[in-house]
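This report concerns only the one structure given below.
The values are calculated or read from the model by the stated rules, or taken from the named source; none is laboratory data. Because the structure is a prediction, the values reported are computed rather than measured. Neighbour counts run over all protein chains shown; Cβ positions are idealised from the backbone, glycine included.
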Amino acid sequence: MQSYWFGDVEDGRCTLFIGDSHAIIDRVQSIITSMDTFVPPDWEQAVLCGACRDRHEYLARLQAVCIAAAERSIREHYSRKDAELLQMVRTLDEIDTVINLLSEKVAEWYFIRHPAFSRKYRRTPAHALVKTMREKSKGALGKVAGEIEHLATTRTVLAKEVSARANDVIPNTSALIGGLVAARLMSHAGGLLPLSRLPASAIQVLGARTALFAHLKTRSPCPKHGIIFQHRRVHNAPKEVRGKVSRVLAGKLAIAARLDFFRGVAEPDFLDKAQRRIDATVKRGEP
Amino acid sequence: MIRIGDVLVSQGEGGVYNERMLGGARVWDPYRSKLSALYHVGTGVELTPVMRVLYLGAANGTTVSHVADYVEAVYAVEFAPRPMQDLLEVCRRRRNIIAIMADAARPEQYAPLVEAVDLLYQDVAQPDQAAIVLRNCVFLKPGGTVILMLKTRSVDVRKEPAEVFHDTIDSLISAGLAVKERVWLTPFHTDHAAIVCIKPEV
């Protein structure tokens, strides 16, 4: 028997499928075709079957079914919880880049207006400099500096939202390294499914692509950490054990990502054990 | 194929992607579309109003819209949701495009929808492009044409493009297809090649 979108055909006899537009989409998405014995559908058969009157109607009906099925697939894809988080964290990282670039440009401009100005021996953080520039500059320069400050406020709001969303979508991973870094890991992997499929060794150096390929091609040392360096337990760890900490952390993250994908809720038992294990590595440097 | 002077065009409703119009026809830019590039550097296959086409890797529907201007019906398969949104928009405006959201490497997902076709066009960024063509050959009528747009850099970045090119042609020939034309798409697209094959009459 051959199952087509409009009905089933067996020995030249056709049984028309009867059902509303939802039922026909369900049918199209659930038919399992064995490709060895498959014969492509024929529109004349569909006419004999009573699915349509002519070629024109065959295409029109088929098109409507396909559009509706595709729309449903797209909706399902986008309603996965990680889809929006992915875009949020990518926007956040892009805003950071924009703030840095703009601050630098504006500072260069400000230096021209104030030839005696220098940042040496002052320890002015970037955001303080932007504030000074806004207050002391007239016209467009002050406006641009103001916009940077404005963007920085938006960034803070967005960062909080990303963090909160990550705690909800990837609770175990977020509990281990914080929502923001967890979301960045996921964004680099391309989503929760790809992240949950990564081996721990890949998670450990995610975001250190240049160093990793330099290591594979030349004799340069291999990278010890990628994005996970942003987590305090990695970057605050003594230099000798930093590699160990990031390896243990990555191992636990790989498990956490799988828990997040398959269960989607925090697992207190696992988290408790994992946290203790990581902290022990930080303290004593044990493997 | 319709040409105005040196410019390849297609007859249809314009404004799909802000394409240039020339005498009421839509300009088909070889720098944007690999199929158009093939018609500039080689012969390809003449698209006719009776043809049915299975188009794998339809993306945003840019090239699909031009193919649809020439042929009777196009079955356009695309996997990723973001380009699919654009493809659906093109599909709603043209009666002869059937947009299917499925993985071109798994024809069993869309087999109940696709008729026998005269042309199998494939432009997917996957490492096993030849295997995907062979799996989809069940939809191709005997004597039908395959056009494979080979992205050598997607197959294997470490191999030389020429090596990937020859390996792909070898696997198509050993599967029983007759290679009619093989051509690089330079200067329009670097490291991309087109392979035109015929499925033998049984």
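Return the residues of segment A:200-225 that are of a type outside the set (Phe, Trp, Tyr), exposed (fewer than 15 other Cβ atoms within 10 Å of the Cβ) and over 18 Å from A:ALA256 (Cα atoms); say none if nothing qualifies. Steps first, please.
Going through segment A:200-225, the residues of a type outside the set (Phe, Trp, Tyr) turn out to be A:200-212, A:214-225.
Filter once more, so that each one left must be exposed (fewer than 15 other Cβ atoms within 10 Å of the Cβ): A:201, A:209-210, A:216-222.
The answer is A:ARG209, A:THR210, A:LEU216, A:LYS217, A:THR218, A:ARG219, A:SER220, A:PRO221, A:CYS222.
I'm trying to understand the selection: among the residues of segment B:107-146, which are among the small types (Gly, Ala, Ser) and at the interface with chain A (Cβ under 10 Å from one of its Cβ atoms)?
In the first step, residues of segment B:107-146 are kept if they are among the small types (Gly, Ala, Ser); the result is B:111, B:116, B:125, B:130-131, B:143-144.
Answer for segment B:107-146, where residues must be among the small types (Gly, Ala, Ser) and at the interface with chain A (Cβ under 10 Å from one of its Cβ atoms): B:ALA111, B:ALA116.
Name the residue, out of A:ILE74, A:ILE95, A:ILE112, that is surrounded by 17 or more Cβ atoms within 10 Å (Cβ to Cβ) and either away from every other protein chain (no Cβ under 12 Å) or in a helix (DSSP H, G or I) (or both).
Sole residue among the options that is surrounded by 17 or more Cβ atoms within 10 Å (Cβ to Cβ) and either away from every other protein chain (no Cβ under 12 Å) or in a helix (DSSP H, G or I) (or both): A:ILE74.
From the set of residues in segment A:164-179 that are of a type in the set (S, T, N, Q) and surrounded by 18 or more Cβ atoms within 10 Å (Cβ to Cβ), which is nearest to A:ALA266 (Cα to Cα)?
A:ASN172
Just checking, how many residues over segment A:151-193 are without any contact (Cβ under 8 Å) to a residue 60 or more places away in the chain, among the hydroxyl-bearing types (Ser, Thr, Tyr) and in the same structural domain as A:ILE203 (by TED's automatic domain parsing)?
Count: 1.
Among (1) among the basic types (Lys, Arg); (2) over 26 Å from B:LEU185 (Cα atoms); (3) crowded, with 19+ Cβ neighbours inside 10 Å, where does B:LYS151 come up short?
Checking B:LYS151 against (1) among the basic types (Lys, Arg); (2) over 26 Å from B:LEU185 (Cα atoms); (3) crowded, with 19+ Cβ neighbours inside 10 Å, the one that fails is (2).
Can you go through B:ALA104, B:ALA58, B:ALA73, B:ALA68 and tell me which one is closer than 26 Å to A:PHE6 by Cβ, facing chain A (nearest Cβ under 9 Å) and small (Gly, Ala, Ser)?
Selected residue: B:ALA73, the only one of B:ALA104, B:ALA58, B:ALA73, B:ALA68 that is closer than 26 Å to A:PHE6 by Cβ, facing chain A (nearest Cβ under 9 Å) and small (Gly, Ala, Ser).
In this structure, is A:LEU16 within 30 Å of B:ASP118 (Cβ to Cβ), outside the structural domain of A:SER163 (by TED's automatic domain parsing) and crowded, with 17+ Cβ neighbours inside 10 Å? Reasoning before the result, please.
Values: within 30 Å of B:ASP118 (Cβ to Cβ): yes; outside the structural domain of A:SER163 (by TED's automatic domain parsing): yes; crowded, with 17+ Cβ neighbours inside 10 Å: no.
Criteria not met by A:LEU16.
Which residue, of B:TYR110, B:TYR70, is within 18 Å of A:ARG61 (Cβ to Cβ), out of contact with any helix residue (DSSP H, G or I) (no Cβ under 7 Å at 6 or more places or on another chain) and of a type in the set (Ser, Thr, Tyr)?
Values: B:TYR70 fails: within 18 Å of A:ARG61 (Cβ to Cβ).
Residue meeting the stated conditions: B:TYR110.
Checking the condition assigned to a helix (DSSP H, G or I) and within 19 Å of A:VAL245 (Cα to Cα), which residue from A:THR173, A:THR156, A:THR132 passes?
Working: A:THR156 fails: within 19 Å of A:VAL245 (Cα to Cα); A:THR132 fails: within 19 Å of A:VAL245 (Cα to Cα).
One residue alone meets the criteria, A:THR173.
Check every one of the strands (runs of 3 or more DSSP E) wholly within segment B:1-116 and list those with 3 or more residues that are touching a residue at least 60 places away in the same chain (Cβ under 8 Å).
Working: elements: B:2-4, B:7-10, B:25-27, B:52-56, B:73-78, B:97-101.
It comes to B:52-56.
Mind checking which residues of segment A:44-70 are free of Cβ contacts under 8 Å to residues at least 40 places away in the same chain and in contact with a Leu (Cβ under 8 Å, 6 or more places away or on another chain)?
Residues satisfying the conditions are A:GLY50, A:CYS66, A:ILE67, A:ALA70.
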